[in-house]
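Remarks on the structure that follows.
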Amino acid sequence: MLATEAASSDPVIEYSLLGEDVSDGVFGWIAFGIDLTNEETVSPVASLYADGGVEESSSGGGAGGNGTSGGAPPS
């Protein structure tokens, strides 16, 4: 998606100089969208209590968050 946007605009940040050069200031902005139809189930990997943090055993553990020790990030 980043490559598609880069073909017609700067997908990371839009900016405008507020004077002759950067020392006069830069105004920057980004645009983003939210898919309101997407639904995800989120579960914590840990909980923080007054006595300290506790890892959740039902979180699946591992770096992959799905019971594995890695793997591809979610799409």
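Listing for the model above:
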read-out: Identity of the residue in the stretch 1-53, assigned to a loop (DSSP other than H, G, I, E, B), under 22 Å from the mean Cα position of the chain (by Cα) and acidic (Asp, Glu), that ends up surrounded by the most Cβ atoms within 10 Å (Cβ to Cβ); value: 10
read-out: Residue count, the stretch 34-75 (criterion: at pLDDT 80 or above and within 25 Å of residue 5 (Cα to Cα)); value: 6
read-out: Residue check for residue 26: at pLDDT 80 or above and aliphatic (A, V, I, L, M); value: yes
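The values are calculated or read from the model by the stated rules, or taken from the named source; none is laboratory data. The structure presented is a predicted model; accordingly, all values stated were derived computationally and were not measured. Here the Cβ is made from the backbone with ideal geometry for all residues, glycine too, and neighbour counts use every protein chain on show.
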